[in-house]
1. Suppose R0 equals 45 Å; then what is the FRET efficiency for residue B:219 and residue B:551 from their Cβ-Cβ distance, rounded to the nearest 0.05?
2. Take the Cβ-Cβ distance between residue B:639 and residue B:533 as r, set R0 to 30 Å, and report the resulting FRET efficiency rounded to the nearest 0.05.
3. Got a sec? How would B:429, B:360, B:91 order by Cβ neighbour count within 10 Å, fewest to most?
4. Sorting B:67, B:279, B:550 on the 10 Å Cβ count, fewest up front, what's the list?
5. Classify segment B:166-216: rounded, prolate or oblate, from the alpha-carbon gyration tensor (a ≥ b ≥ c, eigenvalue square roots; a/c under 1.5 rounded; otherwise prolate if a/b is larger than b/c)?
6. What percent of all Cα-Cα pairs in the protein assembly as shown falls in each 10 Å bin, counting up from 0?
7. Other chains near B:44-55: what is the mean number of their Cβ atoms within 10 Å of each residue's Cβ?
8. Just want to confirm a number: the relative contact order over segment B:658-736, from Cα pairs under 8 angstrom separated by 6+ residues, in percent.
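What follows draws every value from the coordinates through simple rules; no lab data is involved. The structure displayed is predicted, hence computed values, not measured ones. When we count neighbours, we look across all protein chains shown, and the Cβ atoms used for this are built from the backbone with ideal geometry, even at glycine.
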């Protein structure tokens, strides 16, 4: 399964997004491209027991927005204020 | 409250540490090829998260330092415990193989663990001014493994290279990997590679080849040695492409060249019977080309070769000249052969320069110098300038009759002549001789090939300047004009109704262009006088204010001689005709009478009479019948004269004016030197003696080589004529007097 990856939140929600979108996160990217016995056995699933569903959802949206932005469509990414703190911590963790 | 995961428990050192250890062990097993399941994302995330947490926890649970040290520790331990021993326990090639493999493993391990420990790199390492994880990992390998191994590794590598030099097979890929390892362990600089390997390698190489060189030089001839040297250089270059680093190439090649070529250069090139001069002698162009290729790359390497070349060509040229000298004493005909052989020699060695020596300037110079030496030698008293002029003369005369000479041979011969002229220093001598012979060709031979003559003049003009050829071009133009005058004169005569008398043509020459000819106030026979007058009248109609001076010495006459047996047409010069016509009125004349009647000088008259009475055709009988003319002789018309031909040419031997030519040219040179000196002083105003002389020589070198004594004399003369004056304080300096 090379086209999409599955990200699982702490509550168990599964988010299936494009591989390209997931690569926006450096952490996920290095995990997916590590050499040596990794890629083959990989099933494209990453669990984040530390990240809540709401945050993970927002993060997925961010991935897609980031791709759009880099392709020239310069829109705004709105963040609800109450999410900011957790969002930032997740971003730090995911290196995004 | 922990900054980080709100609901995460704190990870303590021991726990975190053991998680990491587990993964590391797993990784090691994978890398060493032992059976092990591959990593799953979960595990990856777990490791990453663990480390992340440990770094983001507030102190004293912030374990960043420890984590960094642990990272390093992992590598150190692995190196000491596993890697190094495994390498040390093997030898030779196996050791190298192990070394190389371990290096590869290490690289992967660094990569993986960096991913796990990545968070450290984001903030910690920069803040603490520590090398990043990648570097730290590499450094560990270098310090703990590389340092201990490299010496042995180097020995093994050099031994393998030696094997290959002795034509044995080795594992090139392995060497390439190991040498890459050396380079990479230098961490962005080449000094590991250079100091730990390259240095020793180059040393090894030079000693290997110097041993070879000394054995080869004893046993082989020059060409054989060169072939081996070329082979060796080629092999070494290949070696670089196969497994050495490209930086090594120039050093390696230089080293090998130094040993194989430079240090033995003298012995090699001067080898008896096969060195440079022998190769030239035997025309071994391939070997010479190889010699050029090999020594081309070495600075100053070609100098001894070009020196040998020059000497060889000079000696060949000198031999040619000597042979010509010997032949000349035997029979008098010299010039054709010698010049043609010089041209051939030049062609031969020019081919050498272009092909063997790849058009290198050093060899052009050598060729030029060699030719300049022997081209300026005299052969049997005749200077080369004159020889060349004679050659041209004969060549043109022949090419008229010999239609087999096609355009291209003529073209190429002309070119060769011009090239040869370049080497002769007395070019003005050549110009004078050529001019005189040209005049003769144009006037006496009648049918000259205008095109060919113009071709050579164009080439000479291109090479030496317009001044060189202006007179000669004028001569050719005169001949063209003369043709027009001939037809003009005929129409004039036809129109005037006056009887022409005899068949009569005049060629008008412009005085400046043609060589000066002696003329005399010959008393012409009456029949001829009227013709002259009518032509003068015609010429007046064409151009006024010009004086026509008649040169009888160049004229030609066809006389019908009514002899007893049959009439014969005689082709004679004007002087001879005048003498013969004198016998129209009387049968017998004495020398003195002829002298008065014709108003000729003694020398001329004697010459003419000799040609008519003492040579091949005895048209006049001389009394007494001696072989020379004396003033007391008397002459009688020989009616009994006959010949099998109906028309004969009675030649008049030309005067040997060679000395005069040289004298004239030398006089001209004096004027040229004067003009040159004045020109220099006018622009410089003040000049020292040395500089004046050298500059004068340089300016005049295009035409001739001036004699220093003559220059000195001219300077004195100019001082006397108040063009220059000596400086009062410094007698070695001259000042221009306006």
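1. 0.05
2. 0.35
3. Ordered by Cβ neighbours within 10 Å, fewest first: B:91, B:360, B:429.
4. Ordered by Cβ neighbours within 10 Å, fewest first: B:550, B:67, B:279.
5. oblate
6. Reading the bins upward from 0: 2, 9, 11, 11, 10, 9, 7, 7, 7, 8, 6, 5, 4, 3, 1, 0.
7. 3
8. Value for segment B:658-736: 35 percent.
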